[in-house]
Amino acid sequence: MCVGIPAKITAITPGLLPMAQIDLNGELIEARLAYFPDAQVGDFVLVQNGFVMDVLDEQSAAESLAAFAALGVLADTEQRASSTS
């Protein structure tokens, strides 16, 4: 079973295989928009294996992120940055 953490699209590179830059709890990653070509900057999405697998509304994303934070699953962005230095 996979657990998806909501992430926000910050930029899109158009083309035959459009790519999205995604902010995943402060870490920028790239994902393909093959299954959701109509996704837009600002949308919250779930990513698996480098592909956007679902688009979420803002309320669902906020509720999921709050639940992950309450469970201690999401590392604090500042803590992660200092641990990689």
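Does residue 49 satisfy being of a type outside the set (A, V, I, L, M), buried (at least 17 other Cβ atoms within 10 Å of the Cβ) and on the phi > 0 side of the Ramachandran plot?
no
Set side by side, the residues 22, 29 differ, and just one is surrounded by 14 or more Cβ atoms within 10 Å (Cβ to Cβ), under 14 Å from the mean Cα position of the chain (by Cα) and among the β-branched types (Val, Ile, Thr), which is 22.
Where a number appears in this text, it was derived from the coordinates with a stated rule and is not lab data. Note that the structure is a prediction, hence the values are computed from the model and not measured. Ideal geometry is used to build each Cβ from the backbone, glycine not excepted, and the neighbour counts take in all protein chains shown.
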